[in-house]
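First up is the structure itself, then whatever we jot down about it.
The values are calculated or read from the model by the stated rules, or taken from the named source; none is laboratory data. Quantities reported herein were computed from a predicted structural model and do not represent experimental measurements. Cβ placement follows ideal geometry from the backbone for every residue including glycine, while neighbour counts extend to all protein chains displayed. For the accessible areas, the whole protein counts, side chains as well, though only heavy atoms, and no ligand, DNA or RNA atoms are used. Shrake-Rupley method; radii C 1.70, N 1.55, O 1.52, S 1.80 Å.
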Amino acid sequence: MTKENLIPTASPETTQSGREAAESPSRNRVKRRSFLKGLGVAGAALSAGSLLTTAAEASPRSGIITVGDVAILRFLAAAEILETDLWQQYNELGGIQDSEVPGGSGSPPYAAAIAFLDADMAQYIHDNTEDEMTHEVFINAYLVSKGAEPVNLDQFRTLPSSQATGAQQIGRLTNLMQLTVDTTWWTRYRSRTGNPDFGDTFAQAIPTLAVGQHTAIPRTDEDLESKNFLQAIGNTAGFHFATIEQGGSSLYPKLAQRVTSLEVLRIVLSIGGTEIMHFQTWSDKAGNIKVLHDVVDPVTGVHVTFPNLNASPFGGEDFQTNLIMPEATAFLSRKLPPVSIIRPTQTKGAAMGALNALTADGLFIGQSKDFFNFMRTLAIEADLAVRE
């Protein structure tokens, strides 16, 4: 953008204070005229002709897509493809199978375990799955419309499906049967002082989910035999839903700060908003998990406990389970007042950070070296994007 197209702003010295703003209208008009006069030649750029010229130039510019914008959209397309793959697996067994989200035939016992968290879970899973499908299709179609290469991960669909009745027997991109679930989002969004952008760390809500490998879907019909273990699988899924979607809630605003095109920015902010809606939904449902003590996976021997989240060490106003709106916390500077925000939103290393989080989650256990190389390349290119 050239200097001629920049609209000048007031310096701190010329900004009116609250006391001055309350003075008489006539005096305020004089001060405003003096302020505009003080802008000199720069103020002349605010003429009607200049504004029309600027608007005319901005319109075609909004459709320009840079190499950096393409890199960001390609990484987001890949992320949405991965999300679609994992949500499809959840929907096949615990959601609604229809023409909007085809595949699978459902597992009534598993669906019932998830429904313990909310009677509408099948519908929510279906709708989340459909949303991710539309995201990946739209972003890829937009890339093609701009002459850019879309993302296709079909060559990496090599992971096995669940063998439980109701699941499709097709190649998968993601693994939901060996998860190590990070549940720090529960405490992070309830903190009134901490923000990961400042390097703050947070306690796990379900410590045992962050250790070992846990399945969030029945691996075979044998996983349906023990009611306690089946409910542990449903609880694991309930927390994993929110873990995945809180990542998207941060990823989109992080990468939006590196976008150049106004149109691409519009895409990123609009899709990112639905990720936030998903996260709030699932953070609410996670609070409804059934309390379970020391449930042992009959196959792996891994232990898991789902404590009462309304009791010590949590509980109280800040940790009540129906608290699903972010508490106000530090943002940009600790000298500023706390504010309710999405966190983190620091843009440095955003794409690689998201990829590392998904990898640590266990979603890619069993994937090939080629898959990791491909995804790392997409992440590096997205993180190299600079707002122009």
The rounded separation in angstrom of the Cα centers of region 324-388 and region 172-207 is 13
Carbon plus sulfur, as percent of the 1.4 Å-probe accessible area of region 296-388, comes to 60
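Loop-only check: which trypsin sites (Lys or Arg not before Pro) in region 168-221 are DSSP coil with at most 16 other Cβ within 10 angstrom? Working shown, then result.
Numbers: sites: R172, R188, R190, R192, R219; in loops: R190, R192, R219.
Taking region 168-221 and a limit of 16 other Cβ atoms within 10 Å, the loop trypsin sites (Lys or Arg not before Pro) found are R192.
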Straight-line reach check, K285, cutoff 16 Å on alpha carbons, 8 or more apart in-chain or any other chain, hits among aspartates and glutamates -> D118, D120, D127, E245, E275
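With a 1.4 Å probe and every protein chain kept in, tell me what percent of the accessible surface of region 67-131 is carbon plus sulfur. Write out the running numbers ahead of the final one.
Working: 1140 of 1950 Å².
Its accessible area is 59 percent carbon and sulfur atoms.
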With the charge dipole of region 77-235 built from beta-carbon charges (+1 for Lys and Arg, -1 for Asp and Glu) about the Cα centre, the Cα from A167, W186, N91 projecting farthest to the positive end belongs to W186
accessible surface per residue for region 304-384, probe 1.4 Å, DNA/RNA/ligands not counted, whole Å² -> 54
Given backbone amide H placed at 1.01 Å from N, residues whose amide H is under 5 Å from that of T329, ignoring those fewer than 5 places away on the same chain, are V339, S340, I341
With every protein chain in place, the accessible area of E83 for a 1.4 Å probe, in Å² rounded to the nearest 10, comes to 20
Once amide hydrogens are built 1.01 Å from N within the peptide plane, the residues lying 5 or more places from R172 or on another chain with amide H under 5 Å from its amide H are T158, L159
Rounded to whole Å², per residue accessible area for region 64-196 with a 1.4 Å probe reads 36
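Using the Cα gyration tensor of region 276-388, with a ≥ b ≥ c the square roots of its eigenvalues, what is the shape: rounded (a/c below 1.5), prolate (a/b larger than b/c) or oblate (neither)?
Cα axes put region 276-388 in the oblate bin.
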Links exceeding 32 Å between C-alpha atoms in this model, out of K290/K335; K146/K348; K146/K335, come to K290/K335; K146/K335
